[in-house]
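**Q** So that we are looking at the same thing, I have put the structure below in structure tokens.
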Amino acid sequence: MTDTVTLPAAPSSQTPQDGAAQTARTRGPGAAARARSVLRQAFMVAVVVLALYPVLWLVVSSLRPDGAIFGNSSLLLDTFEVENYTGGWTALGKPFSTYLLNSAVIVAGSVLGNLITCSMAAYAFARLRFRFQKPAFALMLVTIMLPVHVVIVPQYVLFAQVDAINTFLPLILPKFLATDAFFIFLMVQFIRGLPKELDEAARIDGAGHGRIFFQILLPLMTPALATTAIFTFLWTWNDFFSQLIYLTDPNKYTVPVALRTFVDAQSESSFGAMFAMSVVSIVPLLIVFAVGQKYLIRGIATTGIK
């Protein structure tokens, strides 16, 4: 019988301290990544709070009396002045709904004009071939750099000659003339991303440019059209300079011009009522942005990368 000899196990050279260090090294990268993620999210939350603070302060201040607005920067309410809303609604001699309706008429006309004419101009630049096409497209892009203050004087002279001052016509008619080059460029980029085989197949079936545009390309341009409509709504609703220049009758004031009348350098200003009506004027913007947010993101994503 052969005896089995069992050798003693070799002593381990790893100490408990070495095992703890190895465990720490194993868990270290994950813990560091989690820490960076927490810091990044905390920074983003701080930035959001900082960006929203003026809006929150506006809402809170609309519920404070005039004497307590500018002396308090806190977001905590110690008073609740609902009279700012009830009094501000009729403080200008007419219901504030009059100015909301005036703004809505101008916005509706501007949105409709941009959707129709900018999409047609974009189709011409993206699909048609005509003489001086590239110089015309370049000239159109140059107009994006022109501020409204440069063209407002000649436009005012032209509309004054046709007796259109103090009407909504100077604020709506330019939109039906494809004057917003930014939206034309946006739609041109979108149309160029659509396959030309759709046009060729429709042309084989006997379709002309009108049918190709209205029945084939236009339904596919929903993201770009929605982006144009949302931006036109926001910019027109918040426009103050052009509306102040062309509108002189208080019955035709829009929301931005009406809000300006709450502040008078020669008499007492009603800041509480102005803040309250400012909050009311923000509500349509929030509704439009909430409804069209997904189309806005899709339109920017599908046109900005081409």
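Readers should treat all values here as calculations from the given coordinates under stated rules, not as data from a laboratory. Predicted model only: the values in this text are computed from it and were never measured. Note: ideal-geometry Cβ built from the backbone for every residue, glycine included; neighbour counts use all protein chains shown.
**Q** Tell me, what HN-Hα J-couplings in whole Hz come from the Karplus equation 6.51 cos²θ - 1.76 cosθ + 1.60 at θ = phi - 60° for each residue of the range 65-77, using x for Gly and Pro?
**A** x, 4, x, 10, 7, 7, x, 9, 9, 7, 9, 9, 8
**Q** Among the helices of the chain (complete DSSP H runs), which have Cα atoms covering no less than 27 Å along the helix axis and a Kyte-Doolittle mean of at least -1.0? Please list the in-between numbers first.
**A** Values: long enough: 16-61 (62 Å, 0.60); 271-304 (43 Å, 1.48).
Length and hydropathy pass: 16-61, 271-304.
**Q** In 20 Å bins starting at 0, how do the alpha-carbon pair distances of the chain split up by percent?
**A** With a bin width of 20 Å, the distribution comes to 23, 40, 22, 8, 5, 2, 0.
**Q** Can you figure out the FRET efficiency of residue 48 with residue 222, using R₀ = 35 Å and their beta-carbon distance, to the nearest 0.05?
**A** 0.70
**Q** Another one. Calculate the spin-label point distance for residue 234 paired with residue 153, positioning each point 7 Å from the Cα along the beta-carbon direction, and give it in nanometres.
**A** Modelled inter-label distance: 3.1 nm.
**Q** Highest first, please rank the peptides 56-68, 190-202, 149-161 by the mean number of other Cβ atoms sitting within 10 Å of their residues.
**A** Order by mean packing, descending: 56-68, 190-202, 149-161.
**Q** Taking the Cβ of residue 199 as the centre, find all other residues whose Cβ is under 13 Å away and add up their charges (Lys, Arg: +1; Asp, Glu: -1). Could the numbers behind the result be given before it?
**A** Values: positive: 127, 129, 192, 196, 203, 211; negative: 197, 200, 205.
Summing Lys/Arg as +1 and Asp/Glu as -1 gives +3.
**Q** At R0 = 25 Å, how high is the FRET efficiency between residue 139 and residue 116 if r is their beta carbon distance? Nearest 0.05 is fine. Display every interim value, and only then the final one.
**A** Details: r = 21 Å, r/R0 = 0.86.
Working from the Cβ atoms, E equals 0.70.
**Q** Once a ≥ b ≥ c are taken as the square roots of the eigenvalues of the Cα gyration tensor of the range 25-158, is the result rounded (a/c under 1.5), prolate (a/b larger than b/c) or oblate (a/b not larger than b/c)?
**A** Oblate, since a/c reaches 1.5 and b/c is not below a/b.
**Q** While we're here: Within the chain, count lysine pairs with alpha carbon atoms under 25 angstrom apart where the residues are 8 or more positions apart or belong to different chains. Don't jump to the answer; show the numbers that get you there.
**A** Numbers: 94/252; 134/175; 134/196; 134/306; 175/252; 175/294; 196/306; 294/306.
Summing the qualifying lysine pairs gives 8.
**Q** Using a Förster radius of 51 Å, what is the FRET efficiency between residue 209 and residue 282 based on their Cβ-Cβ separation? Nearest 0.05, please.
**A** Details: r = 42 Å, r/R0 = 0.82.
Rounded to the nearest 0.05, the efficiency is 0.75.
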